[in-house]
Amino acid sequence: MPSKGVTDRQRVAKALVATARTHAQRVGERLQTQFAEVIGDGASLLDVTELQLRLAGGVENRRASLVAVDEARRGELADPPARRRRDEAVAAVREQIVNLRRVVRGLLGPEREPELLGLRGRTADSPLRLSQQAETLLETLREHRGEVPAPRVSGVRLDFGSAAEILQTQLHELSAALRDVEMERRQADASKERRHDAIEAFDRVVRRVAGLLKALYLEAGLPDLCRQIRLTHPQRRVASAAARKEG
């Protein structure tokens, strides 16, 4: 569904285009007659009817461009695969770290955890901090892989080498997912900027066309038509032109 600002602008554009096209012939004929009286026979006259139709077409093109940009941005925001991949990688890495910490505490005692795992405090929740903890843990596991103390429970063996390999794979996936999320964020920022630019361009065109049409209607001696075109301020700092089709 289009954003409210875009929906409002579509309504503005459609009304303005309808007004311009509905009255183009009438206004054009009046102005052609007036111009001919001033300029004289045989002079080349501006086709005012065609001018109004072209102005309406310009507004319609700008509206279509705005809708396309808005749809593209909504499509990007609706399906963020990189964030899902990141969340899955975070869950896997966090589970591995939590389990390793529980095993070391249970089999070797909590006092050995900082030395053998390099971790203090709670396991992180944030992706970046968790990634840093995983890097520290991986480095420590590799450092102590050949000197794992005997567990308190007989017959149990700790394999830090295998744990390091598993964590390495999970950390690689998390790092890749974090890079993808950052790229996705930059793309979202870029699409937001493109939509902002499209809105600004739309508003400029609508203001100018509304002003030109009002001037033509006044010159043609049709103030009632002129009053049908209004400038409104639907949202934020950008003004939009609103036109109402003659009933």
- Work out how much length Leu77 to Arg26 would gain on full extension: take 0.36 nm times their residue separation and subtract the Cα-Cα distance, in nm to one decimal. 13.8 nm
- Query: Taking only protein heavy atoms and a 1.4 Å probe, what accessible area per residue, in Å², does segment 1-127 have with all protein chains in place?
  - Reply: 55 Å²
- Return the distance in nm (one decimal) between the two label points of a simple spin-label model at Glu182 and Arg157, each offset 7 Å from Cα along Cα→Cβ. 4.1 nm
- Give me the number: length gained by fully extending Leu218 to Ser175, i.e. 0.36 nm times residue separation minus the C-alpha to C-alpha distance, one decimal in nm. 9.0 nm
- Message: Can you compute the FRET efficiency between Gln132 and Asp87 using 1/(1 + (r/R0)^6), with r the Cβ-Cβ distance and R0 = 22 Å? Round to the nearest 0.05.
- Response: 0.80
- Find the Cα radius of gyration of segment 1-145, compare it with 2.2 N^0.38 Å by division, and give the number to two decimals. 2.36
- Query: Ala220's amide H: which non-local residues (gap 5+, or another chain) put their own amide H closer than 5 Å, with H modeled 1.01 Å from N in plane and none for Pro or chain starts?
  - Reply: none
- Straight-line reach check, Lys4, cutoff 12 Å on alpha carbons, 8 or more apart in-chain or any other chain, hits among aspartates and glutamates -> Asp70
- Query: Hey, what do the phi angles of segment 200-214 turn into as Karplus ³J(HN,Hα) couplings, whole Hz, using 6.51/-1.76/1.60 and θ = phi - 60°, x for Gly and Pro?
  - Reply: 4, 5, 4, 5, 5, 4, 5, 4, 5, 5, 4, x, 5, 5, 4
- Straight-distance crosslink candidates among aspartates and glutamates, where the alpha carbon sits under 16 Å from Lys14 and sequence neighbours closer than 8 are dropped: Glu60, Asp203, Glu246
- Message: If packing is taken as the average count of other Cβ atoms within 10 Å, what order do 51-64, 214-227 fall into, highest mean first?
- Response: 51-64, 214-227
- Residues with amide H under 5 Å of Arg230's amide H, sequence separation 5 or more or different chain, H placed in the peptide plane at 1.01 Å from N; which? Ala242, Ala243, Arg244
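The values are calculated or read from the model by the stated rules, or taken from the named source; none is laboratory data. Because the structure is predicted, anything quoted here is derived from the model rather than measured. Quick reminder, even Gly has a Cβ in these numbers, built from the backbone with ideal geometry, and neighbours come from all protein chains shown. Note: areas computed on protein heavy atoms with side chains; ligands, DNA, RNA excluded. Shrake-Rupley method; radii C 1.70, N 1.55, O 1.52, S 1.80 Å.
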